[in-house]
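So the structure is just underneath, and the comments pick up after that.
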Amino acid sequence: MAIHCPHAEVIRNVIDEAVLADDLGIDFFGVGEHHRADFAVSSPEVLLAAIAGRTKRIRLGSAVTVLSSDDPIRVFQRFATLDAVSNGRAEVILGRGSFTESFPLFGFNLNDYEKLFEEKLDLFAALIQQGPVTWQGTTRPPLANQRVFPPVETGHLTTWIGVGGSPESVVRAARYDMPLMLAIIGGEPSRFGP
């Protein structure tokens, strides 16, 4: 006997919504990453790959990928694969996330919140150059002249930095010369003026 699973139903509905968005001419469809009971999607790239198989032109991306609690190499590989599956329509929005449930789930200390994102973003910025990577930090073992596969077919993976509004985060995006996605998900609009 099958048990009704609202999460599974939501996931199927999201795919149908993306197909409709593609049919209507919407330019971008983003799927967030969450690891909690009140959200259904914990693996946006898998869902986006299913959407890619049923759509033709809409760009597909995360909203956001919580880079702080993931491995930048694995994130790059998953999005390079999504880019291949979707014929070049993948985009990744990297962020720290507005929820923190992924930190304890994956064994990361919330006290390292800033350092984890800074270092992992630095590594990801090196990875999107698609050459051999030499990198060293404190949050993972170093890399020495490593290549990462699969490469992105076009040589370019559209990569955004998702920001919740702090001026420091905007400066960080500029420092990496990455486009900025400003997420205003709550609070007073005046808070985002600076």
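Remarks
- Within the accessible area of the chain, the carbon and sulfur atoms contribute 57%, probe 1.4 Å, all protein chains present.
- Shape category assigned to the stretch 74-162 from the gyration tensor of Cα positions, a/c cut at 1.5: oblate
- Mean shadow area of the stretch 35-184, taken as a quarter of the surface of its Cα convex hull (nm²): 9.1
- The stretch 83-104 versus the stretch 39-63: alpha-carbon centroid distance in Å: 10
- S43 - accessible surface, heavy atoms, 1.4 Å probe, Å² rounded to 10: 50
- Helix-only mean residue ellipticity at 222 nm for the chain, each DSSP H run of n ≥ 4 adding -39500 (n - 2.57), per residue, nearest 500: -11000 deg cm²/dmol
- Rounded to the nearest 20 debye, the dipole size of the chain about its Cα centre is 320 debye, using +1 on the Cβ of Lys and Arg and -1 on the Cβ of Asp and Glu.
- Per residue, the average separation of C-alpha pairs within less than 8 Å and at least 6 apart gives the chain a relative contact order of 17 percent.
The values are calculated or read from the model by the stated rules, or taken from the named source; none is laboratory data. Because the structure is predicted, anything quoted here is derived from the model rather than measured. Every residue, glycine as well, gets a Cβ built from its backbone with ideal geometry; the counts of neighbours run over all protein chains shown. Areas reflect the complete protein model, heavy atoms only, side chains present, ligands, DNA and RNA absent. Shrake-Rupley method; radii C 1.70, N 1.55, O 1.52, S 1.80 Å.
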